[in-house]
Amino acid sequence: MSYCQAIKALSGDRKTLHQEYHDHHYGFPLHDDDELFGRLVMEINQAGLSWETILKKEAAFRNAYDHFSIAKVAAYTESDRERLLADAGIIRNRLKINAAIENARVILQLQQEYGAFEKWLEHHHPKTLPEWIKLFKKTFKFTGGEIVNEFLMSIGFLPGAHIADCEIYNKILKNKPMWSVT
């Protein structure tokens, strides 16, 4: 069952939470490096948990990680790590927190070399999912196959976020996601 179909089975606050993400974020191209980093942080933190848990904690993640400012997170110290580990609003997993900080530092380097994190992604497009996974594992921390797949689908680099008969599918096509540009 696709995410598009799964939302139809939900009701109340759960449906509202997922519908907002589905209709306005999932699969739409992102062009802001901090937002791209934020989506990567969210996908990493989802590992082993439900996406609903992560969506409920998004505001807390934004606050805890300085609104996903790559420069600020890259400069985090041990006291910042301890602050994050004590923050009940986010996922308090040392490996995931360390990955966010280390990945911010890597993205700063990619920005220096390519001009932007987005430009680094574009430089490597198109790739197959196995090629992307290999590249991400070589470049970033805590980026397994499912994390890489969902991250790239969620930002429009890989197809599959929406099925063709989903009402959002054509809206995404109008935004020219990378998977539609060859």
query: Which value, in Å² rounded to 10, gives the accessible area of S2 with a 1.4 Å probe and all protein chains present?
result: 30
- prompt: Each residue of the stretch 60-70 in turn: what ³J(HN,Hα) in whole Hz from Karplus with 6.51, -1.76, 1.60 and θ = phi - 60°, glycine and Pro shown as x?
  reply: 5, 4, 4, 5, 5, 9, 6, 6, 6, 5, 4
- prompt: Each label point is 7 Å from the Cα along the Cα-to-Cβ direction; what then is the distance between the points at E78 and W51, in nm?
  reply: 3.9
query: aspartates and glutamates within cross-link reach of K57: Cα-Cα under 19 Å, excluding same-chain residues under 8 positions apart?
result: D13, E20, D23, D34, E35, E43, D66, D80, E82, D87, E150
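Give me the 1.4 Å probe accessible area per residue for the stretch 102-182, excluding ligands and nucleic acids, in Å². Show your work: numbers first, answer last.
Details: 4430 Å² over 81 residues.
Per residue, the stretch 102-182 has 55 Å² of solvent-accessible surface.
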message: Taking 20 Å as the cut-off for C-alpha to C-alpha distance, list the pairs among K96/K127; K72/K96; K15/K56; K138/K176; K96/K138; K96/K137 that go past it.
response: K96/K127; K138/K176
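What percentage of the solvent-accessible surface of the stretch 87-149, computed with a 1.4 Å probe over protein heavy atoms, is contributed by carbon and sulfur atoms?
That fraction is 50 percent.
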message: If DNA, RNA and ligands are ignored and the probe is 1.4 Å, what is the ranking of L129, L152, L30 by accessible area, most exposed first?
response: L129, L30, L152
field: Given charges at Cβ of Lys, Arg, Asp, Glu: the stretch 3-80 dipole, positive-most of H24, A74, V41
entry: H24
query: When the dipole is taken about the Cα centre of the stretch 91-182, and only Lys, Arg (+1) and Asp, Glu (-1) are charged at their Cβ, what size is it in debye, to the nearest 20?
result: 360
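So for the chain, Kirkwood radius off the Cα pairs, Stokes-Einstein at 25 °C and 0.890 mPa s: how many µm² s⁻¹?
Numbers: Rh = 16.9 Å.
Answer, rounded: 145 µm²/s.
The values are calculated or read from the model by the stated rules, or taken from the named source; none is laboratory data. In this text the structure is predicted, and so the values were computed from the model without any measurement. With ideal geometry, Cβ positions are generated from the backbone for all residues, glycine too; neighbour counts draw on all protein chains shown. Quick note on the areas: whole protein, heavy atoms, side chains included, nothing else; ligands and nucleic acids left out. Shrake-Rupley method; radii C 1.70, N 1.55, O 1.52, S 1.80 Å.
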